[in-house]
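See structure below.
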Amino acid sequence: MRAAVLENGRVAVRHDFPTPSVDAGEALIRVRLAGICATDLQLLAGYKGGYQGVLGHEFVGEVVAAPGQEAWVGQRVVGELNVGCGRCELCRRGLAKHCRQRQSLGIIGRDGAFADYLALPVANLHPVPPTLSDEAAVFAEPLAAALEILEQAPISPSMRVYVVGDGRLGLLIAQVVAMTGCDLMVVGRHVHKLALLDDLGIRTQVDVDGSALERLAHLTGDVVVEATGSAAGFAAARRLVRPQGTLVLKSTFAGGKVDVDLSSLVVDEVTLVGSRCGPFEPALRLLAQGAVIVEPLIHARYDLDDCETALDHAARKGVLKVLVTP
Ligand SMILES: [Zn+2]
Ligand SMILES: [Zn+2]
C-alpha cells in the first residue's frame, strides 16, 4: 500500500509499505480522508525524540476487516488515537490514554493515517453519522481535543475567558468555549483567521506586537486557554489570567521547554491544567448538528502521493487545515 513515512526527519511516500496486520480486537480501516495537524509538523521537526513510521492521526475511514466483529465491516468511522496496554494500573483505572506503554496512532509506536490503510482496536472506533460529510468528520479528533477543556475546567456564563491563538485548534476551541455563554475574547495574530470567528459572533482581538495585550491586561480572565504552542503565546496567556484563575495549556511546545516564572503562579494561586485528547461522541454530535463550523478551516487538499507538498503547505504561516486523500 501507499504510506507517507517519516524517517530520519523527512517524509517520503512509499508505494511498497506493508498493509498493517490486524490483531485480535482490531479493525483494518481504509482511509478516506486525513487531516494534518500541528503535532504532525512537530514530529517532522523532531518533537518526541524521533518517531519513525507513518504519520497522521486525524482521519475518517471505512472498516474493511474486523476479525470476530464483522458487524463493523463497511462502517464509516473515526478513531481515537491512543492504544493502552490494557494491563497496567492506569489502563485498569480507565486512563489508557496515559498508559506509559501506550501506542498513539501516527505519534508513538503505531503507523498512522497518511496511508491507504491503518489498524486500530475496534474499541477506539466511533461510527460516523450518515449525514456527516468526510470533510466535517475528519475534524472529530481535534474537536474532541477542544471539548476536553470543558471536561477539565468548568466555564460558566458569568466568567471572562480568553483563548490565545487563532490556529487550527484555536478556532475550534473558540467555538466550543463560546457555547458556554461566557464572556469570550479570542486573541490572535491573523486578521483573516479571526474573521472566521467574527462571522460567528465571537469577539476577537488582533494582537501582532503585544499592544492589544497591554490594553487587555487589566481585564484579566477567570480562565485562559493557551493554544499557540509558542513561548510568546504562553507569556501572553499567563499575563491574562487573574489570581486564582485557571490557565489551560492546550498545545505542546516544540522542544517542550518554555520560560515560566513559577513563583508568580504560586503567589497568584493560578491553577495550571494540561489538556490533550478528548471525547469523540460529543464531537461527532456537534459536527452533525452543525453547531461547530469547520468547512471554512479547510485551506487545501492533496492526494496522498503529494503528502510531502501537503505537509510543506500546512507548515506555511497563516494556513489552517490541509487534508490528504489516499
Ligand atoms: Zn492532532
Ligand atoms: Zn497500560
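No lab work stands behind these numbers, since they all come straight from the coordinates. Remember, predicted model here, so these are calculated numbers, not experimental data.
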Query raised in the report: How much length, in nm to one decimal, is gained on full extension between ARG301 and ALA71, taken as 0.36 nm per residue of separation minus their Cα-Cα distance?
Result: 79.7 nm
Report summary line: Classified through the alpha carbon gyration tensor (a ≥ b ≥ c as square roots of its eigenvalues; rounded if a/c is under 1.5, else prolate when a/b is larger than b/c, else oblate), the stretch 81-129 comes out oblate
**Report entry** Exceeding the 20 Å Cα-Cα cut-off - candidates LYS257/LYS321; LYS257/LYS317; LYS193/LYS257; LYS250/LYS321
**Finding:** LYS257/LYS321; LYS257/LYS317; LYS193/LYS257
Query raised in the report: Once Rh is set to the Kirkwood radius over Cα pairs, what Stokes-Einstein translational diffusion coefficient, in µm²/s, holds for the stretch 42-105 at a temperature of 25 °C and a viscosity of 0.890 mPa s?
Result: 176
Requested in this report: Mind jotting down the three principal axis lengths of the stretch 5-79 based on Cα atoms? Whole angstrom, largest first.
Outcome: 40, 22, 22
Query - Built amide H within the under 5 Å cut-off of ARG110, gap 5+ - result: SER104
Query raised in the report: Is any helix in the chain, taking whole DSSP H runs, at least 15 angstrom long along its axis by alpha carbon and on average at least 1.0 on the Kyte-Doolittle scale, and which ones?
Result: 168-178
Query raised in the report: Per residue and in Å³, how big is the convex hull formed by the alpha-carbon atoms of the stretch 177-297?
Result: 129
Report summary line: Ranked by GNM mean-square fluctuation in the chain (Cα springs under 10 Å), the top entry among GLY74, GLY201, GLY61 is GLY201
Requested in this report: Quick one: among GLU141, GLU80, GLU70, which has the greatest mean-square fluctuation in a GNM of the chain with alpha-carbon springs under 10 angstrom?
Outcome: GLU70
Query - Pairwise centroid distance, computed over Cα atoms, of the stretch 168-224 with the stretch 27-80, Å - result: 31
Report summary line: Long-range alpha-carbon pairs in the stretch 286-326, meaning those over 10 Å apart, account in percent for 71
Report summary line: Taking only the Cα positions of the chain, the convex hull volume per residue in Å³ is 133
**Report entry** Kirkwood Rh in Å, taken over the stretch 115-168 so that all alpha-carbon pairs contribute
**Finding:** 14.5
